[in-house]
Amino acid sequence: MLLKTSLNKFVFATCVASLLASCDKKNDLPEPEAKGNFQYVIVATPEGSTSEGADYLLQAGSLTEGSITTVGAGLEQDGFRYFAFHKNRAFSFLYGQGNPGAVTTYGLNEKGILQYLSNLQTETVQVFGTFGDELILIKCPRQGDANAGIYRVDAVNPQILSTSYIDVVQLAGNGERAHFSGVFQVDDKIYAPYFCIKGVAGQVFHSDYTDSTWVAVFSYPDMKLEKVIKDNRTSYIGFYFALRGLTQIDNGDVYAFSTATTGDAASGVVPSTKPSAAVRINKGTSEFDKSYFFNIQEKSGGYHLDRAFYLSGTKFLLTMHPDKTSTPIYGSNSLRFAVVDVEAMSFAWVTGLPEPDRLVHVSRLPCVADDGSSIAFGITVADEYPHVYTIDVASAKATKGLEVISGCITSIGKLTF
């Protein structure tokens, strides 16, 4: 199934009163050892918990050495949160299920110490991305109300700038609902890929339309739907809560990645017949290039795409998994990593990482170096504390680094001061 059971297990961790206050407990943070004017922010759960635990925000001057801990340190979050780094800020999004959410902002002070900056009450959103100085958030209704809310948020001085709505049943146009899998800036437009769901009791994330690709194009800043870009060579772009399905690269071309993993017919979900693949929208156009098709599944020897992380130039880091009938939304076990060049259609497995069957957890949000030469993931294996593994893009080789005494690492980012 698309929706993993872990989402259904999130507890009601907050109330409106707590949302109006800072979400962190004021743990003392020591003055960091800075090797420059930057610090890495490592989001980790306490020892004994994994991706469902309340996170702690920690910091370190290096990802390649040393050890940090959640014990008696860090800024504690109030329940399950997911993160973004934009405009030299760390944004913590509360997942409140049917309750209100929040966007809490952190930054470094003049000494390089992470501090709380602001808290903005919002709806609980399932999709978020960036556009210029803003965050773009989308609340996707699964049942009942057909209106998806789209929120523009000032990332520099956090406040909601505008709210607009789109009817997801009308957008799908096939009797199901459009459910967005990401939101991305492409030139001066917003591109929002989506998949279709039935949205009815007992079949919320079922669909009869798993062999099609859709990308909704919105004008900015008024967020008016301009067109839908379609293709039938792939399944949908991205998947639930992945938020990594589409990227405009340095040369202006846009690459979109289809996982083609949906579940099995026995569960009531019609499986896709398409392979995991990448398709392209050439610079200055708003249609898929029919001459380009990168069959990632074939190149990998039958693996299926999980997420795609842009590095630089024409290179991406892919996480891959072997099971067509499941999608490891939270980066669970069985994942393998690969570096691909989307222009050359080359594929190289990453070496130096733990064996896939040893993986317990992989961070949802890795940290890409400023020049795209490396990417760092938090990886947890059985019988060890989590470590940060840094993958060198040129050699496709990973090196084990910073130890984080915790349950797991969920996100890594970099801020300057």
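The values are calculated or read from the model by the stated rules, or taken from the named source; none is laboratory data. Remember, predicted model here, so these are calculated numbers, not experimental data. Here Cβ is always computed from backbone atoms with ideal geometry, including for glycine, and neighbour counts include all displayed protein chains. Only protein heavy atoms, including side chains, enter the accessible area calculation; ligands, DNA and RNA are left aside. Shrake-Rupley method; radii C 1.70, N 1.55, O 1.52, S 1.80 Å.
A few comments on the model shown:
- Accessible carbon and sulfur surface of the chain relative to its total accessible area, %, 1.4 Å: 48 percent
- What the Cβ-Cβ distance of GLN159 and GLU403 gives, at R0 = 35 Å and to the nearest 0.05, is a FRET efficiency of 0.35.
- Site pair ASN282 and MET345 shows an inter-label distance of 1.6 nm when each label is modelled 7 Å from Cα along Cα→Cβ.
- Accessible surface area normalised per residue over the chain is 38 Å², counting heavy atoms of protein chains with a 1.4 Å rolling probe.
- Under 16 Å from LYS111, Cα to Cα: aspartates and glutamates that are on another chain or at least 8 residues apart: ASP28, GLU31, GLU33
- Relative contact order [Cα under 8 Å, 6+ residues apart], the chain, whole percent: 15 percent
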